[in-house]
1. Those residues that are near RNA strand B (Cβ under 9 Å from one of its atoms), surrounded by fewer than 16 Cβ atoms within 10 Å (Cβ to Cβ) and either over 50 Å from the mean Cα position of the chain (by Cα) or farther than 17 Å from residue A:743 by Cβ (or both), I need them from the stretch A:792-803; list them, please.
2. Give me the residue from the stretch A:317-353 that is among the polar types (S, T, N, Q) and surrounded by 17 or more Cβ atoms within 10 Å (Cβ to Cβ) and, out of that set, nearest to residue A:255 (Cα to Cα).
3. Is it the case that residue A:554 is open to solvent by 40 Å² or more (accessible area, probe 1.4 Å) and not in a loop (DSSP other than H, G, I, E, B)?
4. May I ask you to list pairs of residues, at least six apart or on different chains, whose Cβ atoms are under 6 Å apart, with the first in the stretch A:80-95 being of a type in the set (D, E, K, R) and the second being open to solvent by 40 Å² or more (accessible area, probe 1.4 Å)?
5. Consider only pairs whose beta carbons are under 6 Å apart and that are at least six residues apart or on different chains; among these, list those whose first residue lies in the stretch A:52-73 and is within 23 Å of residue A:611 (Cβ to Cβ) and whose second residue is outside any helix (DSSP H, G or I) and open to solvent by 20 Å² or more (accessible area, probe 1.4 Å).
6. Just for the stretch A:609-626: of the residues that are assigned to a helix (DSSP H, G or I) and under 27 Å from residue A:533 (Cα atoms), which one is farthest from RNA strand B (Cβ to nearest atom)?
7. I'm told residue A:657 meets every condition in (1) within 15 Å of residue A:697 (Cβ to Cβ); (2) away from RNA strand B (no atom under 14 Å from the Cβ); (3) in contact (Cβ under 8 Å) with a residue 60 or more places away in the chain except one. Can you identify the failing condition by its number?
8. When the stretch A:733-764 is examined, which residues are found to be surrounded by 15 or more Cβ atoms within 10 Å (Cβ to Cβ), more than 9 Å from RNA strand B (Cβ to nearest atom) and not β-branched (Val, Ile, Thr)?
Amino acid sequence: MREYKPNEIEKKWQDIWEEKKVFETDDDKSKPKFYALVEFPYPSGQGLHVGHPRPYTALDIVSRKRRFQGYNVLFPMGWDAFGLPTENFAIQHKIHPREVTKRNVAMFKQQLKSIGFSFNWDREVNTTDPNYYKWTQWIFIKMFEKGLAYKHEMPINWCPSCKIGLANEEVVAGNCERCGGEVIRKVKNQWMLKITEYADRLINDLDTVDYIDRIKTQQINWIGRSEGMEVNFKISGKEDSLKVFTTRPDTLYGATYMVIAAEHPLIDKYKDDIENMDQIKEYQEYASKKSDFERTELSKEKTGVEIKGIRAMNPVTKKEIPIWISDYVLMSYGTGAIMAVPAHDTRDWEFAKKFDLPIVEVVKGGDVEKEAYIDTESGVLVNSGIINGLEVKDAIEKISNWLEEQGLGHKKTNYKLRDWVFSRQRYWGEPIPLVYCDKCGWVPVPEDELPVMLPEVENYEPTDTGESPLANMTDWVKTTCPKCGGGAKRETDTMPQWAGSSWYFLRYIDPHNNSEIADKEELDYWMPVDWYNGGMEHTTLHLLYSRFWHKFLYDIGVVSCREPYSKRTAHGMILGENNEKMSKSRGNVINPDDIVNEYGADTLRTYEMFIGDFEKGVSWSDNGVRGCRRYLERVWRLQDIVVPGEKYTKELETSIHKIIKKVTEDYETLKFNTAIAALMELLNEFNSIGKITKADLRTYLILLNPVAPHITEELWEIAELDGMLHDATWPKYDEDKIQDKVIEMPIQINGKVRGKVTVKVDDTQDIVREKAKEDESIMKHLEGKQVVKEIFVAGRIYNIVVK
RNA sequence: GCGGGAGUGGCGGAAUUGGCAGACGCGCUAGACUUAGGAUCUAGUGUCUUUGACGUGGGGGUUCAAAUCCUCUCUCCCGCACCA
């Protein structure tokens, strides 16, 4: 027997697969299709991380298995290559970002290939390829034409160190997701995408897809839909009224004051009526200086100032109530103003207590002097005029209708989701394909002039003024208006990194198409993606964005399905051996290349699947890697114990049928760790018997192949099994043969196992009782005792209760 | 604070219509083979006061039988977080 040398056999089989085009998709559209998708990587300069192969191997396993089962499988790979790190590297080393990208892609591709994934490399896409971003720009133009893209002057999240604007989703606890630095507010004219218009559908259609629960919950939370009413509070002595949003219109009679956000426009409008403008201004300044972090800090005292000189009127009690400003009311949510019901809202209660404002109980059940009483269901209304005596949920219904009839308010749905800030002031991104003409306004670049190519610039450095480096390219910026032919200027902002990844799964379907995103027939065959696996960190970013774009493409008839992905799962992160996140500075980074070189790709794959629950974070263990290598060594030695024979070895038959079932199911349910454990167990069984037939080996190799494709192909060849392993079909199991005929039945006395007897699976209680009597240790526990009760579960357990 | 998930050997983790707790792997112990190697093989490995008892974060309960169900409680992780 030769030595097991992974480096030799892995290269050999990777070449054979490539040469024979083993993994290419089939043109035969009558076959059932399976579209497996993993998130395409950002090709960074650091190269592949051991975290990458985990999800890739998982879906590679499923893809390989499905091919054996006769599916037409699409399992593509590409590059999400626009982005800041590349641009920064380019600036630092004075190399064109295009060149940096090319190098990084080459490195990533070589690394991925060495692990033996069955990707459809003939369908590789790259978001920085003009033939690709042409269509990213095309989609943007379609959105612009439908009014979903608009330019808007607004304060955005600005990262001073990256010199870039950020979407809300990119800000984590007030800090830049990328560099960790503090994010400040900066007013800028930005391109926005109206994702809010799709908010309802993005929530509702989650019912039609199979995503793991935490993803659905997180998206629902992020979109933050709440149903309520917009109610008008008239400002005393003025024509205006102050609009508030509330989900508890039933508590309206308990609204004893109002609070508006510090930035509320009302203040400026009535500055002449306000008596304490100095105080107000002082508070506004104080509020604006607070960072987002301070604003959201826990257990802080409520602050605020009463606006003297203007008051509002409670529309149901007709009483005049004061208006305050406070930073606990946000301008960015609802109307920027609230009605305060201190008796039944914790925040209002705290505020009222601090500033000694009246608290009026309107829902019975608590002690509103001690704390706010919250009951959104069946509490009974008091002190509440027309809704007195009703339960909360009925009161909401009645008062809402009444307010609408009186023209005092209307039903309204509010969302936390904001429109998507889509401009970036950077070089390495898709140019926004619009020009500005003084006469015609914003005009899209005609389709036949797409793509708007990124121009060659001298300098990619971002500017402190917040303008894109492209703004300095006067020749490029100056253009003519496609509409009137007059002078015009190009938009110099570029798109965010999330643009290219919002639709890439469509391009894989027909990556070389020059006339459309992809052929409609091909799209209809392959879409939706059957299984998409990715990281939890993309739940409210890429995953949400791409669902939004897909829905838009559905609306304009490009695709025929409402949702892009039928199923979404998420993998856990791989941490360093010290249980900390892998990073250069911690010095705990594992390079997958080193594992491949030292132990082989099959070991890396097996280990990453065996390491633990796929959905949970796990820490790396070098010893664990060695254990998997040892397992594969034992698999390798199976060649020594193979004997001819086209039937399963008699004693192994049940085990083999069982494992076919187990592995088939486990590969589909992300339980790779238990599938591998079962394969190890069967191997131990093989070795204890000492010889196996070719039939035993054949099934074993096919089952293991998706995890460890190289070694299994090689062993298949060595054992001279028919043809090549990758052409084999997935084994079937026989439900009858899974059931053990003979079992070791545990015998319990008073619930404790006192012995075991070997019985036929369908033996009756009487037979088992007789056998149990032959067992000394069982009899010993029965001696001198009286049998009170016997529980017998056929084929499982026999419990004797004694006194 | 609200919502969700999880607590099992020295470690990663198995076992969920209630039915043998600790599969599989790591680590560890002993032995074999070896001019010592992080190789391979064999046996063992939950704990203890070991003819037995105890044991799935802790307390209580249901049951012939509980890691699994109920109840109280502690701890950790994740998500949201002044969202009206």
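The values are calculated or read from the model by the stated rules, or taken from the named source; none is laboratory data. If you're wondering where the values come from, they're calculated on a predicted model, not measured in any experiment. Every residue, glycine as well, gets a Cβ built from its backbone with ideal geometry; the counts of neighbours run over all protein chains shown. Remember, those area values only see protein heavy atoms, side chains included, never the ligands or the DNA or RNA. Shrake-Rupley method; radii C 1.70, N 1.55, O 1.52, S 1.80 Å.
1. Within the stretch A:792-803, just A:801 meets the criteria.
2. This residue is A:317.
3. Working: open to solvent by 40 Å² or more (accessible area, probe 1.4 Å): yes; not in a loop (DSSP other than H, G, I, E, B): yes.
In short, yes.
4. Qualifying pairs under 6 Å: A:80/A:42.
5. Final answer for the pair search is A:54/A:571; A:55/A:571.
6. Top of the filtered list is A:609.
7. (1)
8. A:733, A:737, A:755, A:763
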